[in-house]
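The values are calculated or read from the model by the stated rules, or taken from the named source; none is laboratory data. Since the model is a prediction, treat every value here as computed from it, not as a measurement. Reconstructed Cβ throughout: ideal geometry from the backbone, glycine too, with neighbour counts over all protein chains shown.
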Amino acid sequence: MRKVYRGRDVEVTFDLDICIHVGECLRGDPKVFKLQRRPWVLPDDGAADVIAEVVERCPSGALMYRRLGRGSQEEHAGATTVTAMRNGPLLVTGNVEVRHEDGTVETLPRATLCRCGQSLHKPFCDNQHIATGFRAPGVAFKIHLSPVRPHSADQPIATAEDPRADS
């Protein structure tokens, strides 16, 4: 379920269920994205252009933005691409249409899709590949330890453990 954080110039949405806890948001603009506060996203504490840049680095599509005034919206002019991440999910960018089990269709600009077969939230990755020791070739993608992932990157983080769950 997406939560909406509306500012004057930009609206940020977040879906905890598809977040893979990489922490790009927290490193990208700690004034806007801060775990120790509720709400954890304050769009008015940053510049819309910076927020857009940070959100576009979110590999999972858990974070998205919509400009409320002038400025470009997030879009992908090229073809949809699929990149296998080493020992991890498929990183898909473009106009990604995902059909959920309940039949609803969501269009995302980015998504991390399970390729180990063990995700409890298919088609999305939930980092179960870490717990199962999934190994496969692909492009290296580093998961940084952050306030979201205070424990070893060797174990997946459960949605219930994510400090943003209450926001």
* Across the stretch 29-58, what is the number of residues that are assigned to a helix (DSSP H, G or I) and farther than 22 Å from C125 by Cα? -> 9
* In the stretch 126-156, residue modelled with the lowest pLDDT [restricted to those that are assigned to a loop (DSSP other than H, G, I, E, B) and in contact with a Cys (Cβ under 9 Å, 6 or more places away or on another chain)] -> V148
* Report whether or not A52 is touching a strand residue (DSSP E or B) at 6+ places or on another chain (Cβ under 6 Å), not assigned by TED's automatic domain parsing to the domain that holds I130 and not hydroxyl-bearing (S, T, Y). => yes
* Only residues that are assigned to a loop (DSSP other than H, G, I, E, B) and over 10 Å from A62 (Cβ atoms): list them for the stretch 10-27, please. => G23
* Asked: Across the stretch 1-25, which residue is nearest to V105 (Cα to Cα) among those that are of a type in the set (A, V, I, L, M) and surrounded by fewer than 20 Cβ atoms within 10 Å (Cβ to Cβ)?
  -> M1
* Asked: When only residues in the stretch 62-73 that are under 23 Å from D17 (Cβ atoms) and out of contact with any helix residue (DSSP H, G or I) (no Cβ under 6 Å at 6 or more places or on another chain) count, which is surrounded by the fewest Cβ atoms within 10 Å (Cβ to Cβ)?
  -> R66
* Asked: If we scan the stretch 68-82, do we find a residue that is within 23 Å of M1 (Cβ to Cβ) and of a type in the set (A, V, I, L, M)?
  -> yes
* To do: Could you check how many residues of the stretch 113-124 are out of contact with any Leu (no Cβ under 6 Å at 6 or more places or on another chain) and either surrounded by 11 or more Cβ atoms within 10 Å (Cβ to Cβ) or touching a residue at least 24 places away in the same chain (Cβ under 8 Å) (or both)?
  => 8
